[in-house]
Amino acid sequence: MLGKGSKLYSIAKLKCPRCHEGDLFENNSLLGYSKMSKMLDHCPVCQQVYEPEPGYYYGAMFISYGLTAGPTLAIVGLMMLFSEELTLWMFMGALLLSLVLFMPAIFKLSRAIWINIFISYDPLAAQNPQARGH
Ligand SMILES: [Zn+2]
């Protein structure tokens, strides 16, 4: 697994993009459904603000579309092993299934990716907590 300091670490572990120590979500498990959309206001370790302005995560929606495509295509691929033809309904079913199964992971990962685009790792942040908008 990738170590601290890499953006992939922060995304995969759902950690604060600045110090890589604090959690991003109340329930910081990729497959946890409970409180799945509850993001913390700021990092409990370095005080980095997670939502500097309203609507900050609007763009994360587009990332989540991309993330949904992966599991959907995988399920469609599986269906094609068992069926001669692919119908629109099968495709819709695959989309729905992947949304239901991977909703928490997609929601959290898209936000983690989004915030990592704008905020970079600061190795001193954990020792030097300071409220920061960006
Ligand atoms: Zn932090």
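The values are calculated or read from the model by the stated rules, or taken from the named source; none is laboratory data. All figures in this text were calculated on a predicted structure; none of them were measured in a lab. FYI the Cβ positions are ideal-geometry reconstructions off the backbone, even for glycines, and counts take in every protein chain you see. Side chains included, ligands, DNA and RNA excluded: accessible areas come from the protein's heavy atoms. Shrake-Rupley method; radii C 1.70, N 1.55, O 1.52, S 1.80 Å.
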Restricting the stretch 34-50 to residues that are surrounded by 14 or more Cβ atoms within 10 Å (Cβ to Cβ) and closer than 19 Å to ALA105 by Cα, the residue that is farthest from the ligand (Cβ to nearest atom): MET36
Which one is farthest from the ligand (Cβ to nearest atom), of the residues in the stretch 7-33 that are touching a helix residue (DSSP H, G or I) at 6+ places or on another chain (Cβ under 9 Å) and of a type in the set (Gly, Ala, Ser)? GLY32
Restricting attention to the stretch 19-36, report how many residues are among the charged types (D, E, K, R) and under 16 Å from GLN130 (Cα atoms). 1
Does MET103 count as touching a residue at least 12 places away in the same chain (Cβ under 8 Å) and either under 19 Å from TYR65 (Cβ atoms) or touching a strand residue (DSSP E or B) at 6+ places or on another chain (Cβ under 9 Å) (or both)? yes
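Please find, among LYS7, LYS15, LYS35, the residue that is closer than 17 Å to PHE102 by Cα and not acidic (Asp, Glu).
Every option except LYS35 fails the conditions.
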Given (1) free of Cβ contacts under 8 Å to residues at least 60 places away in the same chain; (2) touching a His at 6+ places or on another chain (Cβ under 7 Å), where does PRO52 come up short, assuming only one miss? (1)
Can you name the residue in the stretch 69-100 that is of a type in the set (Ser, Thr, Tyr) and in contact (Cβ under 8 Å) with a residue 12 or more places away in the chain and is also farthest from GLY32 (Cα to Cα) among such residues? THR72
Which of (1) farther than 30 Å from GLN48 by Cβ; (2) more than 23 Å from the chain's Cα centre (by Cα); (3) open to solvent by 90 Å² or more (accessible area, probe 1.4 Å) is the odd one out, the single condition PHE91 does not satisfy? (3)
Would you confirm, using the coordinates I've provided, whether GLU84 is surrounded by fewer than 12 Cβ atoms within 10 Å (Cβ to Cβ) and either among the polar types (S, T, N, Q) or part of a loop (DSSP other than H, G, I, E, B) (or both)? yes
Given the conditions (1) modelled with pLDDT under 90; (2) touching a helix residue (DSSP H, G or I) at 6+ places or on another chain (Cβ under 8 Å); (3) closer than 30 Å to ASP122 by Cα, every one holds for ALA60 apart from (1)
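Residues checked against (1) touching a strand residue (DSSP E or B) at 6+ places or on another chain (Cβ under 9 Å); (2) at negative phi:
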position: LEU14; (1), (2): yes, no
position: LEU40; (1), (2): yes, yes
position: PHE62; (1), (2): no, yes
position: PRO71; (1), (2): no, yes
Looking across the stretch 94-134 at residues that are open to solvent by 90 Å² or more (accessible area, probe 1.4 Å) and under 15 Å from the mean Cα position of the chain (by Cα), the single one that is farthest from the ligand (Cβ to nearest atom) is ILE117
